[in-house]
Amino acid sequence: MRIPVATYRLQLTPDFGFSHAMAILPYLRDLGITDLYASPIFQARKGSLHGYDIVDPNKLNSDLGPVQEFEALMEEVRDHEMGWIQDIVPNHMAFDGQNSMLMDVLENGRASPFFDFFDIDWNHPYENMKDKVLAPFLGNFYMDDQKVFYHTHALIFKLVREGKITGLRIDHIDGLYDPLTYLKRIRQELGDIHVSVEKILARDESLPESWPVQGTTGYDFLNYVNGIFCAREHEQKLTQTYGRFTGLHTPCSEVVTEKKRLIIGKYMAGDIESLAYLLKSVSSRDRHAADVTLYGLKRALVEVLTSFPVYRSYVSPDAFSELDRRHLRAAIERAKEANLGLLLELKFIERFLLLDFADHLTEDERKRWTHFVMRFQ
């Protein structure tokens, strides 16, 4: 495994492509840079200035230069004895007409070879929504379907095996259905390549020990470094000035809760509705289910998500750590304290999130409970 010592971020754009990167390699090498850390190089929406709005993961971005320039750049990197860490985007694509997989699904529906690549509920409980697309997302990606994994990673794997890419930085690992399984597949395919993940850690949170990675991309470390530039003794004076200027005196923690509830309830309403229907469908044999309404479940789900103490938990069929259990319980207890009127619904959701299986449940029903928790995460 090549371990990067000093990395330099390359933000490739139509105005700074493969040839421009090659021109500054001697300078970067003289600075002591050992590895380049590159923004996504795969086909993005035309004119993209960042490369994260990918439309085809199996083509190099033509806006950055022809294939020959990329090959020449890779040779120069090797000649300078440098490494190339590639930023990859496994959990989303551009919602755009240039995305041929998406266009095929929108045109052909279930007849498209890519119909199950996207998180689309083809059997929606509303009759007028069946076989229709409201908004597609890459949900059950990788989380689940190996053919999608291998299709979208074909070029990445090829470049690693050719020795052109020496490390991976995986963007937004928490957006995946099953991050651990995804990382195990990466490791199985590529062996001892250096892998770091873009992961937001709370102050008292650690990276899951079961993940086969070298670490995070260091947001938590940067947060501490930025603290060096903060004169904390002036906090009260700054707070008073802010309050006088804005007229706002709400504590930060309350603002965070309020805005989380707004985002989840307003902009993720479709996801909440899907979760509520999924919960109803897997609870059909539960004796408490008859007393719980869909409206109540939606409200309760919003409150549990709003109260979550960390970015997410990592329950799967093979893993349920004590730390995950503690985080889930903390979210539920906070939601109960703030919403006594939703106590019935919250207790009902609690049993599902903690996988408190009833004795009569079949193996298939237990799998569906676990599926609900993984979708919730």
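Read-outs throughout are calculated quantities, based only on the coordinates presented, and are distinct from any laboratory measurement. Because the structure is predicted, anything quoted here is derived from the model rather than measured. Counting neighbours? That spans all protein chains shown, and the Cβs are built from the backbone with ideal geometry, glycine included.
Here are some notes:
- Mean Cβ neighbour count within 10 Å, used as a protection proxy, ranking 179-190, 100-111 highest first: 179-190, 100-111
- A dipole drawn for the chain from +1 and -1 charges on Cβ atoms has a positive end, and of VAL304, TYR52, PHE115 the residue lying farthest that way is VAL304.
- Rounded to the nearest 20 debye, dipole of the chain from Cβ charges on Lys, Arg, Asp, Glu: 840 debye
- Qualifying chymotrypsin sites (Phe, Trp or Tyr not before Pro) for segment 280-360 [loop in DSSP, other Cβ within 10 Å: at most 10]: none
- A simple spin-label model places pseudo-atoms 7 Å from Cα toward Cβ; at ASP79 and SER62 they are separated by 2.8 nm.
- Backbone N under 12 Å from the ILE3 label point (7 Å along Cα→Cβ), restricted to segment 52-80: none
- Neighbourhood net charge (9 Å Cβ-Cβ; Lys/Arg +1, Asp/Glu -1) for ALA94: -1
- Helices in the chain, meaning DSSP H runs of at least 4 residues, each add -39500 (n - 2.57). Divided by all residues, the mean residue ellipticity at 222 nm is -13000 deg cm²/dmol.
- Euclidean distance of C-alpha centroids, segment 328-367 and segment 178-205, integer Å: 29 Å
- Global form of segment 264-377, assessed from the alpha-carbon gyration tensor, a/c cut-off 1.5: rounded
- Beyond 30 Å in Cα-Cα separation lie the following of the pairs LYS336/LYS367; LYS59/LYS298; LYS259/LYS367; LYS130/LYS280; LYS347/LYS367: LYS59/LYS298; LYS259/LYS367.
- Computed over the Cα atoms of segment 309-372, pair by distinct pair, the Kirkwood hydrodynamic radius stands at 12.7 angstrom.
- Note on the chain: GNM, Cα springs under 10 Å; of VAL148, VAL77, VAL256, the largest mean-square fluctuation is that of VAL256.
- In the chain, a dipole from Cβ-located charges (positive for Lys and Arg, negative for Asp and Glu) runs towards its positive end, and of LEU248, HIS194, LEU328 it is LEU248 whose Cα lies farthest in that direction.
- Restricting segment 191-249 to trypsin sites (Lys or Arg not before Pro) that sit in a DSSP loop and have at most 10 other Cβ atoms within 10 Å of their own Cβ leaves ARG203.
- DSSP-assigned coil residues among GluC sites (Glu not before Pro) in segment 195-293, each with at most 16 further Cβ atoms within 10 Å: GLU205, GLU209
- What the pair-distance distribution of segment 132-266 shows, using all Cα-Cα distances binned every 5 Å from zero, is 2, 7, 12, 14, 15, 13, 11, 9, 7, 5, 4, 1, 0 percent.
- Two-decimal ratio, the chain, of alpha-carbon radius of gyration to 2.2 N^0.38 Å: 1.12
- Between ARG29, ARG45, ARG312, the GNM of the chain built on Cα springs shorter than 10 angstrom shows ARG29 fluctuating the most.
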